[in-house]
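As structure tokens, the structure follows; a few thoughts come after it.
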């Protein structure tokens, strides 16, 4: 193992969703603030080859990389915190690892050896980690292992981490992120679940170097001491308190106050570097002083799971809105509107009048589609600033075709292939994929070029004629309707130069009505908000 790269494994304890992803991103950020070249890897324990075929309600958003990989939503946090692109080689799943080993065996890569789960699967994992480190030239590589200690699914990934530590002890550190609950009937923070998580991790041959103690409140000294003694840490300073905060972007500050970067550098034998980039901290402090708010409705379909409303399906959209609002001196208050509510009660769509803007994010399928279309119609007719993302762009053209062009049966082939006016249709490549049931990784994925029309909202916001944005969709606007649509007031202002596919549409006479075939939310950063979201916020403030 090259001694040039230092590896920090972030492992979960007690329960999922505890904050491993933002902890991983925040650890990377505190090193980046010191001038280190940092990258991050996510290891998912699923048999799925990628996240593209997973239900977003159950798994969360599918984050698309620049090179077109469908990955876990945590890679979005890595990009937003590290301000760098994360690629397909920074992501692996159990399915991807096994598939690679099997393909190698079939091609005689192992030269007739008996290929076994151990050591060949962990060795494949290690090889992928080292490849990612080499390709990104990372001085520090932070690796998040999905799931929690003790789960059958991630044991081979932990074995890979153990083997890397054995090979070069000074180049590998382990961080256990564990939750400390405060039972309501006791009113006391309990350490026992974390003790069990630590012991369970020990059973995998790994001793945590640090414990990041998540919880509703900050950890006090007695519990720090208890965890240090009972979990085998060298000092109580190695227990890092991580209480709930208003914004995830405050977490690097929380870690800095406890000198976590210095502790990690010391453990990994890294020559200390001082904090040089203070832009992150200054912007976080600026956000704390913002008092004014704008109200934005997000009308979509991936919100409900049982009795709970989840926002993880659109986590990049949420962050992109917040970035743009903060950079314009306001907070964004988001309201999740289930499109099916507007289908059940069409008159309820008038409630959009109490919001400052409307966003329709991406999606698939027929559920809630008529409710979304009615919301778009309201925004168009009432000058409500609107931003449609992917499906939100497609449905905007369908709404316009129905209610302005007069094609009452206008639809998308995805939902009604028998319609005589398929505004959104399928290209030949995708038709072949659908016919042969090739769904995994076959959509238009990753970065594609787009030429912008002079004088358009898009051109005004981007301040350039040519852009590149990330896609994730299978269906396209049918150009045979383009001329008629433009003659009635909906312009095509962005086109892919290689295929002539429509990328952006806008209404001529509207404060801000923009629909894009791509996903601009994937490229928004905390310190660099995306231009189209900035444009939406500015339209609200101007109005």
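No lab work stands behind these numbers, since they all come straight from the coordinates. Just so you know, these numbers come straight off a predicted model, no measurement behind them. Here Cβ is always computed from backbone atoms with ideal geometry, including for glycine, and neighbour counts include all displayed protein chains.
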Can you give the Rg to Rh ratio of the stretch 114-204, both from alpha-carbon atoms, with Rh computed by the Kirkwood formula?
1.07
With each pseudo-label sitting 7 Å past Cα toward Cβ, what's the residue 291-residue 499 distance in nm, one decimal?
5.0 nm
Surface/4 of the Cα convex hull for the chain, nm²
26.8 nm²
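How much length would be gained if the chain were fully extended between residue 16 and residue 104, taking 0.36 nm per residue of separation minus their Cα-Cα distance, in nm to one decimal? If you can, show how the numbers build up before the last one.
Working: separation 88, 0.36 × 88 = 31.68 nm, distance 3.28 nm.
Residue separation times 0.36 nm, minus the Cα-Cα distance, leaves 28.4 nm.
Report the gain in length on full extension from residue 409 to residue 188: 0.36 nm times residue separation, minus Cα-Cα distance, nm rounded to one decimal. Before the final figure, lay out each step's value.
On the way: separation 221, 0.36 × 221 = 79.56 nm, distance 6.08 nm.
Length gained between residue 409 and residue 188: 73.5 nm.
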Measure off 7 Å from each Cα along the Cα-to-Cβ vector at residue 464 and residue 167, then give the distance between these two points in nanometres to one decimal.
3.8 nm
Acute angle (nearest 10 degrees) that the helix 315-327 long axis makes with the longest principal axis of the chain, alpha-carbon atoms:
80 degrees
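For every helix of n ≥ 4 consecutive DSSP H residues, a contribution of -39,500 (n - 2.57) applies; sum these over the chain, divide by its total residues, and give [θ] at 222 nm rounded to the nearest 500 deg cm²/dmol.
Working: 19 runs with 195 residues, N = 543.
Computed ellipticity for the chain at 222 nm equals -10500 deg cm²/dmol.
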At a threshold of 8 angstrom on Cα-Cα distance, excluding pairs fewer than six apart, so keeping six or more, what relative contact order does the chain reach in percent?
15 percent
Whole angstrom only: what separates the Cα centroid of the stretch 59-77 from the Cα centroid of the stretch 186-241?
31 Å
Quick check on the chain: of the DSSP beta bridges with both residues there, what percent are antiparallel, nearest 5%?
30 percent
Taking the Cβ of each residue in 364, 400 as the centre, tally the other Cβ atoms inside 10 Å and list the residues starting with the fewest.
364, 400
Rounded to the nearest 10 degrees, what's the angle between the helix 192-202 long axis and the longest principal axis of the chain, both from Cα atoms, 0 to 90?
80 degrees
Can you order the peptides 234-247, 73-86 by their average number of other Cβ atoms within 10 Å per residue, highest first?
73-86, 234-247
Can you list, largest first and rounded to whole Å, the semi-axes you get for the stretch 136-186 by taking the square root of 5 times each eigenvalue of its Cα gyration tensor?
28, 15, 11
For helix 20-32, what angle does its Cα long axis make with the longest principal axis of the chain, in degrees from 0 to 90 and rounded to 10?
80 degrees
Calculated FRET value between residue 382 and residue 259, using beta carbons and R₀ = 60 Å, to 0.05
0.65
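Using the 10 angstrom Cβ neighbour count as an exposure proxy, how do 336, 280 rank, fewest first? All intermediate terms of the calculation are to be shown ahead of the outcome.
On the way: 336 17, 280 21.
If I rank by nearby Cβ atoms, fewest first, I get 336, 280.
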Under a crude label model (7 Å from the Cα following the beta-carbon direction), how far is residue 117 from residue 221 in nanometres?
4.8 nm
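Assuming R0 = 30 Å, what is the FRET efficiency of residue 130 and residue 528, from their Cβ-Cβ distance, to the nearest 0.05? Mind dumping the intermediate values first?
Details: r = 30 Å, r/R0 = 1.01.
Result of the calculation: an efficiency of 0.50.
Taking a ≥ b ≥ c as the square roots of the Cα gyration tensor eigenvalues, with a/c under 1.5 meaning rounded and otherwise prolate when a/b beats b/c, else oblate, which class fits the stretch 290-542? Kindly include the intermediate steps, with their values, before the conclusion.
Working: a/c = 1.33, a/b = 1.19, b/c = 1.12.
It comes out rounded by the Cα gyration axes.
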Tell me, in nm to one decimal, what length is gained between residue 345 and residue 449 on full extension, where the rule is 0.36 nm per residue of separation less the Cα-Cα distance?
33.4 nm
Of every Cα-Cα pair in the stretch 113-264, the percent that sits beyond 22 Å:
48 percent
Quick check: the distance between the Cα centres of the stretch 373-416 and the stretch 471-506, to the nearest angstrom?
13 Å
